[in-house]
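K.L.:
Before anything else, here's the structure in question.
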Amino acid sequence: MEWIDLRSDTITNPTPEMWAAMANAEVGDDVYGEDPSVNKLEALAAERMGQEAGLFVPSGTMGNLAAVLTYCGRGDEIILGDHSHTFLYEAGGVSALGGVHPHTIPNQHDGTLDLGDIETAIRPNNIHFPITRLVILENTHNRSGGVPLSVEYVCQVAELANKYDLRLHIDGARIFNAAVALGIEARKLAEPADSVTFCLSKSLCAPVGSVLCGSRDFIAQARRIRKQLGGGMRQAGVLAAAGIIALENMIDRLAEDHARARRLAAGLNELPNIILDTPEPLTNMIFFDLNPNAELDAAGLVASVAKEGIKLTPSGARRIRLVLHYWIDDAAVNRTLDAFRRVLGNV
Ligand SMILES: *Cc1c(COP(=O)(O)O)cnc(C)c1O
């Protein structure tokens, strides 16, 4: 049985074109700055983000951490959402490794941080308080349903940060999904920020890696932090070669994932006991809750559809997230809907 894996877009294996590019990659020692494939990827990434320079890092987590450690010293404070990936899912790295104090404020349903909340969270100059250095936004916002934040909103936060001499970092793990959903170039979403991290290894299908982008000075400092964190890689061009394909050929097709997400959501919406966050998801994620009166909980549903060849993970006791990606085609969407109909149709 061929598995249909809807747990995440991180599970995407490389495309045949990526395997070929990796096999033939030109490489060198990237810690010496001598890997032509890494250098090409970093330049391409910076150009796509409207920033001066890029830094290839092993993961999105390291990209965000390197950004925070570049901006902040011990005891400094960052403002971020209480549902942000950096706060929830990065193992507390900013605190554990940087002694940085996270100041969380509520993420709104649309993934934004309220401008008034941000302004209230900024610390006045007073010896009782830590020093606020940084605001972090996430685009698309994962836990809020993979929703894209608009250019207008990002510009408003950038302006506010600027007014208080704070930096703005964007965790843009899926910023290309946001850009495609909004019908704009990703640089429009990234340019207003001081720095941005995006993932090559998610919906863009590359096997490993993210790129942190920002000013030339910022990236020079972040490069030292990456070395400190053990992220200085040698013949990393083998990986960067897949990343180049990701940026050159895998962005526009994200619209297909979004269309399939809408079709899958529309089908799920007709089934009993499924309460979708939205019947029309904007990018590649679908979130739903199971009706509190339904017999099945999330673990039960995951176990039942696993028998039909479908991999899911619960994201709460009665909550499920499904993620569309390159390896889910129309036939896989149909098979998924059939399996859900069999499992939920007679609950
Ligand atoms: C996946 C993800 C990251 C981190 O990426 P890893 O490569 O898994 O470390 C950061 N932010 C968001 C929003 C993500 O979804």
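K.L.:
Only one residue in Glu34, Glu26 is touching a Pro at 6+ places or on another chain (Cβ under 9 Å), assigned by TED's automatic domain parsing to the domain that holds Gln235 and surrounded by fewer than 19 Cβ atoms within 10 Å (Cβ to Cβ), so which one is that? If you could, list the steps in order and put the result at the bottom.
P.N.:
Numbers: Glu34 fails: touching a Pro at 6+ places or on another chain (Cβ under 9 Å).
Answer to the selection: Glu26.
K.L.:
Where in the stretch 236-347 are the helices (runs of 4 or more DSSP H), entirely inside, with at least 3 residues that are within 30 Å of Arg226 (Cα to Cα) and assigned by TED's automatic domain parsing to the domain that holds Lys40?
P.N.:
Numbers: elements: 237-249, 254-269, 298-306, 330-345.
In the stretch 236-347, 237-249 are the helices (runs of 4 or more DSSP H) which contain 3 or more residues that are within 30 Å of Arg226 (Cα to Cα) and assigned by TED's automatic domain parsing to the domain that holds Lys40.
K.L.:
Please find, among Ile78, Ile118, the residue that is without any contact (Cβ under 8 Å) to a residue 60 or more places away in the chain, under 21 Å from Cys199 (Cβ atoms) and assigned by TED's automatic domain parsing to the domain that holds Val196.
P.N.:
Working: Ile118 fails: under 21 Å from Cys199 (Cβ atoms).
Answer to the selection: Ile78.
K.L.:
Another question about this same structure. Given the structure, is Gly54 out of contact with any helix residue (DSSP H, G or I) (no Cβ under 6 Å at 6 or more places or on another chain), crowded, with 23+ Cβ neighbours inside 10 Å, at negative phi and not in a loop (DSSP other than H, G, I, E, B)?
P.N.:
Details: out of contact with any helix residue (DSSP H, G or I) (no Cβ under 6 Å at 6 or more places or on another chain): no; crowded, with 23+ Cβ neighbours inside 10 Å: yes; at negative phi: yes; not in a loop (DSSP other than H, G, I, E, B): yes.
No, not satisfied.
K.L.:
Name the single residue that is nearest to Ala190 (Cα to Cα) among those in the stretch 37-47 being touching a helix residue (DSSP H, G or I) at 6+ places or on another chain (Cβ under 7 Å) and either of a type in the set (S, T, N, Q) or crowded, with 23+ Cβ neighbours inside 10 Å (or both).
P.N.:
Kept after step one, since they are touching a helix residue (DSSP H, G or I) at 6+ places or on another chain (Cβ under 7 Å), are these residues of the stretch 37-47: 37-38, 40-41, 44-45.
Next, only the ones that are either of a type in the set (S, T, N, Q) or crowded, with 23+ Cβ neighbours inside 10 Å (or both) stay: 37-38, 41, 45.
Details: Ser37: 23, Val38: 21, Leu41: 17, Ala45: 11 Å.
Applying the filter and picking the extreme gives Ala45.
Residue by residue, here is whether (1) farther than 30 Å from Val38 by Cα; (2) under 26 Å from the mean Cα position of the chain (by Cα); (3) at pLDDT 95 or above holds:
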residue: Ile274; (1), (2), (3): yes, yes, yes
residue: Thr313; (1), (2), (3): yes, yes, no
residue: Trp327; (1), (2), (3): no, yes, yes
residue: Asn334; (1), (2), (3): yes, no, yes
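K.L.:
Would you check which residues across the stretch 199-230 are within 13 Å of the ligand (Cβ to nearest atom) and farther than 30 Å from Met285 by Cα and list them?
P.N.:
Matches in the stretch 199-230: Leu229 only.
To keep it simple, each residue is scored yes or no on (1) surrounded by 23 or more Cβ atoms within 10 Å (Cβ to Cβ); (2) aromatic (Phe, Trp, Tyr); (3) in the same structural domain as Asn107 (by TED's automatic domain parsing); (4) away from the ligand (no atom under 16 Å from the Cβ).
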| site | (1), (2), (3), (4) |
| --- | --- |
| Asn125 | no, no, yes, yes |
| Leu134 | yes, no, yes, no |
| Leu137 | yes, no, yes, no |
| Val147 | yes, no, yes, no |
| Glu159 | no, no, yes, yes |
| Tyr164 | no, yes, yes, yes |
| Ile170 | yes, no, yes, no |
| Ile184 | no, no, yes, yes |
| Lys188 | no, no, yes, yes |
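K.L.:
Shifting gears a bit: Within the stretch 278-296, can you find the residues that are buried (at least 17 other Cβ atoms within 10 Å of the Cβ) and either modelled with pLDDT of 95 or more or on the phi > 0 side of the Ramachandran plot (or both)? Steps first, answer last, please.
P.N.:
Of the stretch 278-296, the ones buried (at least 17 other Cβ atoms within 10 Å of the Cβ) are 281-290, 294, 296.
Matches in the stretch 278-296: Pro281, Leu282, Thr283, Asn284, Met285, Ile286, Phe287, Phe288, Asp289, Leu290.
K.L.:
Here are some conditions: (1) closer than 27 Å to Ile11 by Cβ; (2) touching a Lys or Arg at 6+ places or on another chain (Cβ under 6 Å); (3) surrounded by fewer than 23 Cβ atoms within 10 Å (Cβ to Cβ). Val208 meets all but one. Which one does it not meet?
P.N.:
(2)
K.L.:
What is the residue count in the stretch 235-289 for residues that are free of Cβ contacts under 8 Å to residues at least 60 places away in the same chain and of a type in the set (S, T, N, Q)?
P.N.:
1
K.L.:
I need the full set of residues from the stretch 77-93 which are among the aliphatic types (A, V, I, L, M) and closer than 26 Å to Ile127 by Cα, in order please. It would help to see each step written out before you state the result.
P.N.:
Of the stretch 77-93, the ones among the aliphatic types (A, V, I, L, M) are 78-80, 88, 91.
Those that are among the aliphatic types (A, V, I, L, M) and closer than 26 Å to Ile127 by Cα: Ile78, Ile79, Leu80.
K.L.:
Sticking with this one: Quick check on this structure: which one of Ile136, Ile118 is in contact with a helix residue (DSSP H, G or I) (Cβ under 7 Å, 6 or more places away or on another chain), aliphatic (A, V, I, L, M) and part of a helix (DSSP H, G or I)?
P.N.:
Numbers: Ile136 fails: part of a helix (DSSP H, G or I).
Step by step, each of Ile136, Ile118 is checked, and only Ile118 is in contact with a helix residue (DSSP H, G or I) (Cβ under 7 Å, 6 or more places away or on another chain), aliphatic (A, V, I, L, M) and part of a helix (DSSP H, G or I).
K.L.:
Next up: Of the numbered conditions (1) surrounded by fewer than 24 Cβ atoms within 10 Å (Cβ to Cβ); (2) small (Gly, Ala, Ser); (3) within 12 Å of the ligand (Cβ to nearest atom), Gly63 fails exactly one; give the number of that condition.
P.N.:
Unmet condition: (1).
K.L.:
If you check Arg74 against the conditions, is it within 16 Å of the ligand (Cβ to nearest atom) and of a type in the set (Lys, Arg)?
P.N.:
On the way: within 16 Å of the ligand (Cβ to nearest atom): no; of a type in the set (Lys, Arg): yes.
No; evaluated as a whole, the condition is false for this residue.
K.L.:
To continue, here is another question. Hey, among Val94, Val154, which residue is over 21 Å from Gly183 (Cβ atoms), part of a helix (DSSP H, G or I), touching a Pro at 6+ places or on another chain (Cβ under 8 Å) and within 16 Å of the ligand (Cβ to nearest atom)? Walk me through how you get there before you give the answer.
P.N.:
On the way: Val154 fails: over 21 Å from Gly183 (Cβ atoms).
When all the criteria are applied, what remains is Val94.
The values are calculated or read from the model by the stated rules, or taken from the named source; none is laboratory data. As the structure is a prediction and not an experimental result, all values here were calculated from the model. Please note: Cβ atoms are built from the backbone with ideal geometry, for glycine as well, and neighbour counts cover all protein chains shown.
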